Amino acid sequence: MNTRIFKNRSETVSLFLKAFMLFTAFMLMQSGNTNSQPAFPYADVKITASTQGMYHDDYGSAVTNDVFSAQLRNGYFPFDVMSATEAEIEKNTMEGIFRFDLPGSSSNEFTECYIVLKHRNSLEVWSSTPVRIFENQLNEFDFTVAANVYGNNTFNAGKRRVMLSGDANQDGFIDLEDYSMIENDVWNMTTGYTVTDLTGR
């Protein structure tokens, strides 16, 4: 009789321990899932753009896909960078989707900021004014429209306006230093994906 009671108690304890271990494993999994969630909201921005060297007006598109980098900057001085990312812009549509991590959720669920677009051998462009970027959804911005670009700092390529090519050293100017870099690579027959390749051909 005592042996049976002891056996039943042992089975009860064993079942309790198994249940406790399963519960603990479940809680750890839940904790892991919670920690894997983004800490801050995000915003996707579909940006339309191309560069002077890579744009082909006969087709109204670029000659190749290329990687651009983009920033969201505060709409007030000193225009601090809020978020930065990069993405590939597709040659035919001249569009690319850039995902930004936002610094925090606002009560309006949007952020007003400048959009800045950069390319490895072109002058960077800014949106003409701060724009509303809505959290956790797809936004759109078109840098091929003159009115959308600060200072109209783009090249009129015919059907579209595009980023000015030639800033190979990325100092914010197109000058003799850039020309020297490009000329040297031409004479040296440098090939491949380089900052001096303006046309992508």
Length gained, Asn92-Asp80, 0.36 nm per residue minus C-alpha separation, equals 1.0 nm
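If each residue's Cβ is checked for other Cβ atoms within 10 Å, how do Phe100, Phe155, Phe79 rank with the fewest at the top? Each step should come with its number before you reach the end.
On the way: Phe100 24, Phe155 18, Phe79 15.
Fewest to most other Cβ atoms nearby, the residues stand as Phe79, Phe155, Phe100.
Between Phe134 and Thr64, what's the calculated FRET efficiency when r is the beta-carbon distance and R0 is 35 Å? Round to 0.05. Don't jump to the answer; show the numbers that get you there.
Working: r = 31 Å, r/R0 = 0.89.
Computed FRET efficiency for Phe134 and Thr64 comes out at 0.65.
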Just want the ordering: Asp178, Asp58, Asp197, from fewest to most Cβ atoms lying within 10 Å of their own Cβ. Asp58, Asp197, Asp178
Per-residue Cβ contact counts at 10 Å, fewest first, order Thr48, Thr154, Thr194 as Thr194, Thr48, Thr154
Once you put a point 7 Å from the Cα of Ala146 and another 7 Å from the Cα of Thr191, both along the Cβ direction, what distance in nm separates them? 4.0
What whole-number distance in Å separates the alpha-carbon centres of region 115-194 and region 56-95? 8
Give me a comma-separated list of calculated 3J(HN,Hα) values for region 178-184, in order, Karplus coefficients 6.51, -1.76, 1.60 applied at θ = phi - 60°, integers in Hz, x for any Gly or Pro. 5, 4, 5, 4, 5, 5, 4
Set the Förster distance to 41 Å, then compute FRET efficiency between Glu112 and Asp175 from the Cβ-Cβ distance, nearest 0.05. 0.75
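None of the figures in this text is laboratory data; all of them are computed from the coordinates on show. From a predicted model like this one, the values you see are computed outputs, not experimental measurements. Here Cβ is always computed from backbone atoms with ideal geometry, including for glycine, and neighbour counts include all displayed protein chains.
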